[in-house]
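Colleague: After the structure tokens below, expect a handful of questions from me.
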Amino acid sequence: MTLRATCHCGAIAPEITAHAPFDTASRCNCSCCIRRGAANITVMVDDLKVVQGHEALGLYTFGTETAQH
């Protein structure tokens, strides 16, 4: 299954090839993900392709800048 998403600001759009089952999905506890009800899955790097925003990739911090993604 191919899934497409965007980052928090919308500048980056990754596309992933996900392999079911999604029994490893988890919930992020940051305020942004809680408001959106976002779920996270882990994929192999070969299954990830950035289709928009290569130039915007970098270290992401939010709010208190404690978490670095």
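Colleague: Restricting attention to region 9-41, which residues are touching a helix residue (DSSP H, G or I) at 6+ places or on another chain (Cβ under 6 Å) and either in a loop (DSSP other than H, G, I, E, B) or more than 25 Å from Glu55 (Cα to Cα) (or both)?
Modeller: The answer is Ala11, Ile12.
Colleague: Which of the residues that make up region 5-21 are open to solvent by less than 60 Å² (accessible area, probe 1.4 Å) and either at negative phi or touching a Pro at 6+ places or on another chain (Cβ under 6 Å) (or both)? Lay out the reasoning, then the answer.
Modeller: Here is the first cut: in region 5-21, the ones open to solvent by less than 60 Å² (accessible area, probe 1.4 Å) are 5, 7, 10-18.
Ala5, Cys7, Ala11, Ile12, Ala13, Pro14, Glu15, Ile16, Thr17, Ala18, listed by residue number.
Colleague: Of the conditions (1) open to solvent by 50 Å² or more (accessible area, probe 1.4 Å); (2) assigned to a strand (DSSP E or B), Val50 satisfies every one except a single condition; which number is it?
Modeller: The number of the failed condition is (1).
Colleague: Looking at Thr24, Thr64, Thr2 in this structure, which one is loosely packed, with under 11 Cβ neighbours inside 10 Å, at pLDDT 85 or above, over 13 Å from the mean Cα position of the chain (by Cα) and β-branched (Val, Ile, Thr)?
Modeller: Numbers: Thr24 fails: at pLDDT 85 or above; Thr64 fails: at pLDDT 85 or above.
Only one candidate qualifies: Thr2.
The values are calculated or read from the model by the stated rules, or taken from the named source; none is laboratory data. Just so you know, these numbers come straight off a predicted model, no measurement behind them. Here Cβ is always computed from backbone atoms with ideal geometry, including for glycine, and neighbour counts include all displayed protein chains. Note: areas computed on protein heavy atoms with side chains; ligands, DNA, RNA excluded. Shrake-Rupley method; radii C 1.70, N 1.55, O 1.52, S 1.80 Å.
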